[in-house]
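S.K.: Provided herewith is a single structure, encoded as structure tokens, for subsequent inquiry.
What follows draws every value from the coordinates through simple rules; no lab data is involved. Predicted model, so just to flag it, every value in this text is computed and none were measured. A quick note on method: Cβ atoms are made from the backbone with ideal geometry, for glycine too, and the neighbour counts reach across all protein chains shown.
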Amino acid sequence: MQFLKVQDFNKLILSKKTSPVYLLAGEESYLVNMCLNKIEEFLAVDDLNKEIFYVTESSLEDILNAVQTLPFLSERRVVVVRGVNKMKTTDAERLIIYLSDVIETACLILLYNDNYRKESIAERKELINKCISSEHCICVDCRRQYENEVKEFIKSEFAQKDKTISYDAITKIVNENGTDLSNISNEIEKVSLFVGKNIKSITQKDLEKISGHTKEINTYALSSNIEAKDLKKAVFVLETLLNEGEEPVMILSSISSAVRRMLSAKSMIEEQHMSAVEVALVLRIHNFYASAFFTNLKKHKTVKLKDSLKKILEADVAIKTGSNDPISDLEKTVLFICE
């Protein structure tokens, strides 16, 4: 089977057809995680019958043992393998053999977060080709989307919220957010929350009202852009907040909250070995934002986050004592976190 477009995959899920193996491949992590969530929701998988492996941390032996383990009070056992694009050649060879004789009581989901078309390692390339040719595997193309496809995505997402959106408004969202679907998704949610349930048609004027309409929205945007390490947008929002008259110490407080939340999440995952779902519950991260948050979290290192808190403390002292220009201190702090 050739690679399916995400739209065709969605139709396949709705038809209630499943497969013992899935390959979700492409650079757009939002689409990879979205497809993964749909498979898990359809299979109604619970924690007892689900295991997640990272190829850089686990052996293929452990992965195959998990696949061979019978599900507990369920028809399927789900085994998610992240980082297949970094899989060792010997492991790729063994996985190719598995694809010829799969276990029907397991659902093996392979996540390849990169451009699979440019795979240069022969064994991994052969693994991809084996997935394509195997009748036991469904391959989904999660490549980065073109601008016209992103516009269709925006239209579709608003339709699911029982809203329509004008072409000019869609164009404005793309111009301000690019084609990164995580950022686009956050923007859609922000717009939907702002207009409320009663507004069914969204225009460019609605977006203009939202853009810089409240300090609260821009404070949220600043935290989101810092989490995404989008320096250009973070600095733009920072300047907007300052122009609105927001106090530098309050802006610094929101930056500190964003860094502390990421550091807490890192600690729970790395030290307490908690799952993303558990972390989201503890930190009260809404399901809609969770995917983008954990995707962005990978862009930050624990050591750098700790150093960022020290930088924030230095800026806090400087701002409160008046020893430096507060605007300069804020910009340097954002630059340090995002660089």
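S.K.: Less than 15 Å apart at the alpha-carbon level, and either on another chain or at least 8 residues along: which aspartates and glutamates does that give for K197?
M.R.: E157, D162, E189, D206
S.K.: Let me ask you something else. Magnitude of the Cβ-charge dipole of segment 6-141, K/R +1 and D/E -1, about the Cα centre, nearest 20 debye?
M.R.: With only Lys, Arg, Asp and Glu charged at Cβ, the dipole is about 260 debye.
S.K.: Just in segment 89-182: which trypsin sites (Lys or Arg not before Pro) are loop by DSSP and have at most 12 other Cβ atoms within 10 Å?
M.R.: none
S.K.: Hand me the trypsin sites (Lys or Arg not before Pro) from segment 309-339 located in a DSSP loop with no more than 14 other Cβ atoms within 10 Å, in residue order please.
M.R.: none
S.K.: Can you return the lysines within cross-link range of K304? Criterion is Cα-Cα under 25 Å, with same-chain partners fewer than 8 residues away left out.
M.R.: In chain and number order, the partners are K86, K229, K232, K233, K266, K320, K332.
S.K.: Roughly speaking, what % of Cα-Cα pairs in segment 6-141 are separated by over 21 Å, rounded to a whole number?
M.R.: When all Cα pairs of segment 6-141 are counted, 35 percent exceed 21 Å.
S.K.: Among all stretches of the chain without exposed chymotrypsin sites (Phe, Trp or Tyr not before Pro) (DSSP loop, at most 10 other Cβ atoms within 10 Å), which one is longest?
M.R.: Result for the longest clean stretch: 147-339.
S.K.: For a quick size check, give me the Cα extents of segment 212-339 along its three principal axes, largest first, whole Å.
M.R.: Answer, in whole Å and largest first: 42, 31, 22 Å.
S.K.: Could you estimate the translational diffusion coefficient of the chain from the Stokes-Einstein equation, with Rh from the Kirkwood formula over C-alpha pairs, at 10 °C and 1.306 mPa s, in whole µm²/s?
M.R.: Using the Kirkwood radius from Cα pairs, D works out to 72 µm²/s.
S.K.: Still on this structure, I have one more. Which whole DSSP H helices in the chain pass both tests: a Cα extent of 27 Å or more along the axis and a mean Kyte-Doolittle value no lower than -1.0?
M.R.: Membrane-span-like by this criterion, though nothing is claimed about a membrane: 248-270, 302-321.
S.K.: Same structure, new question: Calculate for the chain the 222 nm mean residue ellipticity that helices alone would give, adding -39,500 (n - 2.57) per DSSP H run of length 4 or more and normalising by residue count, nearest 500 deg cm²/dmol.
M.R.: The per-residue figure over the chain is -19000 deg cm²/dmol.
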